[in-house]
1. Treating only the Cβ atoms of Lys and Arg (+1) and Asp and Glu (-1) as charged, compute the dipole magnitude of the chain about its Cα centre; round to the nearest 20 debye.
2. For region 63-197, what percent of Cα pairs sit more than 22 Å apart?
3. Alpha carbon centre of region 141-177 versus region 67-122: separation in Å?
4. Taking only Cα atoms and a 10 Å spring cutoff, compute GNM fluctuations for the chain and point out the largest among 114, 43, 174.
5. So which of 10/49; 101/158; 20/56; 20/101 end up more than 19 Å apart by C-alpha?
6. Excluding same-chain residues fewer than 8 positions from residue 187, which aspartates and glutamates have a Cα within less than 14 Å of its Cα?
7. Leaving out ligands and nucleic acids, and using a 1.4 Å probe, what accessible area per residue does the chain come to in Å²?
8. At R0 = 30 Å, how high is the FRET efficiency between residue 49 and residue 193 if r is their beta carbon distance? Nearest 0.05 is fine.
Amino acid sequence: MDWTYEDIAKMIDHSLLNPKMTDSELEEGCKIALDYDVASVCIKPYYVKRASEILKGSGVKTGTTIGFPHGGHSTAIKVAESQQAISDGAEELDMVVNIGKVLSLDWKYVTDDIRAVVEVGHAEGAIVKVIFENCYLQDRHKIELCGICGQVGADFVKTSTGYGDGGATIDDLILMRKYSLPSVQVKAAGGIRTLDQVLEVRAVGVTRIGATRTIDILEECKKRLGMK
């Protein structure tokens with residue numbers, strides 16, 4: 001095998017965004033992330049401060065969402081959300097583009113909106129991932145967004161929120177990798193539930209995934225590697 005447990009675990013952003021999740025479930029989710037030593041948690045914004053306390057000193061980063069899930073927040077609100085999240089301890093920000101503005105082809109607005117969050121994030125050393133919500137877009141929109149994200153220095157392009165009409169597809173991931181600068185990484189989210197799916201997206205250049213089935217994926221990983 002050309003991968004290790006760490007290779008797979010450090011691809012995973014453990015997703016803790018379901019609106020029904022309680023405080024105790026969010027705390028348990030952070031502990032799962034610690035136990036399996038994943039890349040990060042992506043947690044509901046109000047819980048960032050507590051999550052960062054739980055994860056402090058570990059190799060697991062605290063992440064949250066900006067403009068989630070529909071991207072329609074004003075840019076000023078996305079900036080304020082980003083500032084609050086970073087103040088609370090977030091090290092990674094997953095922001096949703098303004099989907100309606102993308103479909104309106106208002107590329108200046110879209111560029112300025114993404115740039116504003118990237119600038120706030122980078123000023124404080126945070127990673128910024130830009131969520132396209134591909135299920136609502138045509139390839140021409142996705143290609144344009146990849147170019148914009150490279151132009152403004154985003155760290156990742158990401159397929160989906162997990163709350164739209166569809167999730168990550170191999171075709172979309174190949175397209176996003178092809179049209180993104182080498183400096184921009186690709187994150188797959190939505191429907192990645194098994195180790196085989198993780199390996200499939202890894203093979204086309206994905207370096208992060210959003211997952212709720214972290215335990216299932218990593219227990220299968222351990223099994224195949226002969227780990228206890």
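1. Working: 27 positive and 33 negative charges, 35 e Å.
Dipole size: approximately 160 debye.
2. Numbers: 2618 of 9045 pairs.
Across region 63-197, Cα pairs with separations above 22 Å total 29 percent.
3. Between the Cα centre of region 141-177 and that of region 67-122, the gap is 15 Å.
4. Highest fluctuation among the options: 174.
5. On the way: 10/49 22 Å; 101/158 17 Å; 20/56 25 Å; 20/101 29 Å.
Beyond 19 Å: 10/49; 20/56; 20/101.
6. Here the aspartates and glutamates satisfying the reach criterion relative to residue 187 are 13, 92, 94, 133, 155, 171, 172, 200.
7. Numbers: 10110 Å² over 228 residues.
Dividing the accessible area of the chain by its residue count gives 44 Å².
8. On the way: r = 30 Å, r/R0 = 0.99.
The value I calculate is 0.50.
The values are calculated or read from the model by the stated rules, or taken from the named source; none is laboratory data. Because the structure is predicted, anything quoted here is derived from the model rather than measured. Note that we place each Cβ from the backbone using ideal geometry, even for glycine, and neighbour counts take in every protein chain shown. Ligands, DNA and RNA are stripped out before the accessible areas are found, and what is left, the full protein with its side chains, is counted by its heavy atoms. Shrake-Rupley method; radii C 1.70, N 1.55, O 1.52, S 1.80 Å.
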